[in-house]
Structures are given as structure tokens and as C-alpha cells.
1. Fewest first, what order do ARG71, ARG118 take by the number of other Cβ atoms within 10 Å?
2. Obtain the nm distance between the two label points defined at VAL67 and ARG124 by a simple spin-label model: each point lies 7 Å from its Cα along the Cα-to-C-beta direction.
3. Could you give the length gained on full extension between LYS168 and THR234, defined as 0.36 nm per residue of separation minus the Cα-Cα distance, in nm?
4. Please list, in order along the stretch 300-309, the HN-Hα scalar couplings obtained from phi with the Karplus expression 6.51 cos²θ - 1.76 cosθ + 1.60 (θ = phi - 60°), rounded to whole Hz, x for Gly and Pro.
5. Label-point separation (nm) for HIS149 and LYS191, each offset 7 Å from Cα along Cα-to-Cβ?
6. What FRET efficiency would be calculated for the residue pair PHE203, ASP157, taking the C-beta separation as r and a Förster radius of 45 Å, to the nearest 0.05?
7. Only counting other Cβ atoms within 10 Å, I'd like THR234, THR296, THR130 sorted with the fewest neighbours first.
8. Can you sort ASP257, ASP109 from fewest to most other Cβ atoms within 10 Å of each residue's own Cβ?
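Only the coordinates and a few stated rules stand behind these numbers; no lab work does. Quantities reported herein were computed from a predicted structural model and do not represent experimental measurements. Quick reminder, even Gly has a Cβ in these numbers, built from the backbone with ideal geometry, and neighbours come from all protein chains shown.
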Amino acid sequence: MFRTLLAMLMVIAAFTVPMSFAETAEKADPQKEMVQLAGPEFWREVRSGEKGFTVANGSEAGQLINVDGQRWREVRNQWVSPIGLIFIGASALSLLLFYLWAGRIELSDKRSGKKVKRWTPFERAMHWFTAINFLILGFSGIVLLYGRHFIKPVAPDAIWGSLIYAAKLSHNYLGPLFVLGLLCMLVKWFKNNMINKVDIEWFKQGGGILPNGKHPDAGFCNGGEKIWFWLLATVGVVVCVTGLVMDFPIFGQTRADMQIANVIHGIASLGLLAAAFGHIYIGTVGTEGALEGMATGYVDETWAKQHHKLWLEEVQNLPESTTKTSATDEQKA
């Protein structure tokens, strides 16, 4: 009899005890429990980011909650991302409309057949090394910032996972290489990019990009190229410094430092990418013959006379001219 009664009690307990625990877990509120255990004053300090005593090492070991993280997410998602998308979209749209209105800047005269050396092999390699890294970093950055809005909803999980992982790796590992390339370019072409009176006149005449407009004289670099150089020397350097701060978190950077660097990096990168569209447009489909110089190292004399007349005159007055006329020399270039 006693054994039967004990068995019945055990069966009842097996069903009622788990149910009581489940009901208790459902009703439990972690924040209320924290207030009850530690007191409202303690919990208020924790939520405000106040640091307490701990035996752990590290600059942020005593901070239980990173309250700045929420503010960083709000700034990044509600301000940086939308404004950056507007800048990039406005830049691309304005260039498209300009091309439809003005078309490509053609050579005013027929090609002469004479080639003038404009870029050395080292300069071309340096330019393309930096430019390719810039394009990969720009694309991967766009994927990291906007991919979850435009790519993830339509791409299979496997493709999305591989794409975002590749974007992260390429952005992290190619960033330092871009820094090296940019520094080399800034040092190499610094002396050619000082603004002078010729550039002021170049700006007054609109750089010769208006239809049927006279193309102003220019030296080795015109006013537009010099503006792009100084954008790289200022905004580009900011992008590099903030990128390195995030890429190498081994010099005592706190989470707050990384968040500030991330916001500045995003604003500067998106602005520089929007400006780069103009540089890419002018150097490719926007101007006849412009891409030939960086592709082969040589430009046609007619192109040089139209776009960089003062530089061409300097070259022609050199004791050993860099102009060549034979088809054999052109093939060697």
C-alpha cells in the first residue's frame, strides 16, 4: 500500500514540477530580478555605462554595458548609410545626365600620329595598383554597408554568405596595400599638383568640358586633376588612417575609438567614392584619348596640345624630345 502511494506521488510530481518551473521562467524578468538583487541604483549605473571594480585586465574590463554602441548604430544606420547612398546616386546620375547632354569630349583636330611620352612604366604600375585596390575596396565596402538591404533578400544564403565573407576579407587585407599605393602616388606627383594662376583660368573656362567650348591651357596636370589629387591627399588620408585604426586594434583602441573611426571612415569613403566617379568618367568614356596615356604611357600629340598645351611645349623644348613618330616605336610603347 505504501509503495503504491509513493509511486502515485512521484508520477504527480513528475508532471507538476516541470510545469511550475516553466511558469516561473515565463514570468521571470531579468531586469526586474537585477533590480531586486542589486538594487535600482546599481542597475541604473550599469545601464548608464558606469565602470565598477574588477580584477580583470583591460581598458574596458570594468564596463558591463557599452551604451555608446547603440548611439553608434543609430548614427551609422540612420545618417551615414542614407546620406552616402544619396551622394553616390547623385554623382552617378549627374554624370549620366551630363554625358547624355554633352557627350564625349572629342579631339578638335585629327590625330597627328606622333606620340608623346606622358607616363613612365613605374607611374603606370603605381596608378593601376592603387586604382584596382581602390575599386575593390569601394565595391566590398558597398557590399558590407548596403548588401543586407539589396543583395541578401534576393540571393541564396550560400551565395550571400560567400559574398559578404569575401567582401570582409578583401576589405581588411587590401586596405593596407591601398595605403602604400596612395602614399607613393602623393609623394611622386606632389610637385606637379600645386595650384597656380593657370589653374584659376582653367576653372574660369569650365575646364573645356562644355560643348563647343574652348579648351583652356594647362600644364602637366590641369585644375581638375589637381583637385582630385588634393582630395586624395586629404579625404583619402583620412580614409587610410581610420581604416588602419579599425584594421589593427592592437594599440589600445577602445570600442568608442573604433566606433568613432568607423563613422568617420564611412563618411570619408563614401564621399571619396562619389568624387571618384567623376575622375573615372573623365579618364575613360568622357574624353577621347585620355585612357590611352595610362594604358600605354603615350598620348597623341593632338591630344596633348588640346588638353595640356603648356606641358607639350615644355616637352618639345627639351634637348631630348620624348616625341616619337615611327610605327615601330609606337608598338614598343
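1. Working: ARG71 12, ARG118 22.
Exposure proxy ranking, most exposed first: ARG71, ARG118.
2. My value for the distance between the label points is 6.0 nm.
3. Details: separation 66, 0.36 × 66 = 23.76 nm, distance 2.50 nm.
Difference between extended and current length: 21.3 nm.
4. 5, 4, 5, 5, 4, 5, 6, 9, 9, 4
5. My value for the distance between the label points is 4.6 nm.
6. Details: r = 51 Å, r/R0 = 1.14.
Here the calculated transfer efficiency is 0.30.
7. Values: THR234 12, THR296 17, THR130 21.
Placing the least packed residue first, the sequence is THR234, THR296, THR130.
8. Working: ASP257 15, ASP109 12.
Exposure proxy ranking, most exposed first: ASP109, ASP257.
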